[in-house]
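Here's the structure we're looking at; comments come further down.
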Amino acid sequence: MAASVLGSACGPLRLAVAGVGRRRPPRGLWARARRLPGLAGSGRSVAAASGSGAWGTDRYCLELLRKRDYEGYLCSLLLPAESRSSAFALRAFNVELAQVKDSVSEKTIGLMRMEFWKKTVDDIYCDSPPQQPVALELWKAVKRHNLTKRWLMKIIDEREKNLDDKAYRNIQELENYAENTQSSLLYLTLEILGVRDLHADHAASHIGKAQGIVTCLRATPYHGSRRRVFLPMDICMLHGVSQEDFLRKNQDKNVRDVIYDIASQAHLHLKHARSFHKSVPVKAFPAFLQTVALEDYLKKIQQVDFDIFHPSLQQKNTLLPLSLYIQSWRKRY
């Protein structure tokens, strides 16, 4: 889902942002990206980065994120400068785990990789991280912000359970997965921002669940191309829809009803998260910028009458950097 070309997304922003708020010309996302090391370089691959002394571990994480989690990359660019490198490390760690399922042919190999990351986290908290770029940067983030080990382990444990190619039995199971992965990631991001607040945690929980549900929806065409379906079985059964209907890209009303019900649950979580808006410290708002991309997808899928396979849903939103910047400037989520 990550986009690979920074110029195509951020190019228009350099011109468009200048018109926002004439009282004080804002410093755009493009300008920030230019100041970060490695973005204006030779365009070398992530593999090359890990093997060259010219590329540091911080650049490795940044490049990995830019290629594999573009939305997370953009959101991290808008964090305060002192938090940015730690956020890159945290999200790069998440990318490493998320890639395991699709990059291994046997579950045993996936379990071995998860075991590596479990040991890595243990070693990080013993101040002896392995010489792996993401591990080294994560160690720095843990030292700098005293990150809670429990959240890191929850992400690994849940990703490990998810190595089985099974559909979620119900929407609650999908929400539990999202809570232990996406919400845990947000709890850690809040810690990086120096926020330890109950209301912020409640908002993070709902946003993480919305993120997990939307990610499941967005990945449905890709999973279908590999003859896999992970949508909650209880909602499919409620509307008399089988997995084969999704594999055949059936666009009947009952199939759209399944997508409507699932998308509605994501929308509900966003609504709950925003109900805490007045109680959440403003300092926490940058951690929740991903709501911009979530809301954008939910609006698009509504516009195509919940046709999960509509081509427009697979197109990159070139205005996303600008939308994120405006949301950040307005101090909203």
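Listed by chain and number, the lysines whose alpha-carbon sits under 28 Å from that of residue 154, ignoring those within fewer than 8 places in the same chain, are 67, 101, 107, 118, 119, 140, 143, 166, 209, 271, 283.
Within the full protein context, the accessible area of residue 128 is estimated at about 60 Å² for a probe radius of 1.4 Å.
For the stretch 152-262, the share of accessible area belonging to carbon and sulfur comes to 46 percent (1.4 Å probe, ligands and nucleic acids excluded).
Tell me whether the stretch 235-333 comes out rounded, prolate or oblate; compute the Cα gyration tensor, take square roots of the eigenvalues as a ≥ b ≥ c, and use a/c under 1.5 as the rounded threshold.
Numbers: a/c = 3.80, a/b = 1.87, b/c = 2.03.
The shape class here is oblate.
How about residue 253: which aspartates and glutamates have a C-alpha closer than 16 Å to its C-alpha, ignoring those fewer than 8 places off in the same chain? Once the sequence-local aspartates and glutamates are set aside, what remains near residue 253 is 244, 245, 261, 305, 307. Solvent-accessible area per residue in the stretch 263-317 equals 50 Å², computed with a 1.4 angstrom probe and all protein chains kept.
The values are calculated or read from the model by the stated rules, or taken from the named source; none is laboratory data. Predicted model only: the values in this text are computed from it and were never measured. Just the protein is used for accessible areas: all its heavy atoms, side chains included, with ligands, DNA and RNA removed. Shrake-Rupley method; radii C 1.70, N 1.55, O 1.52, S 1.80 Å.
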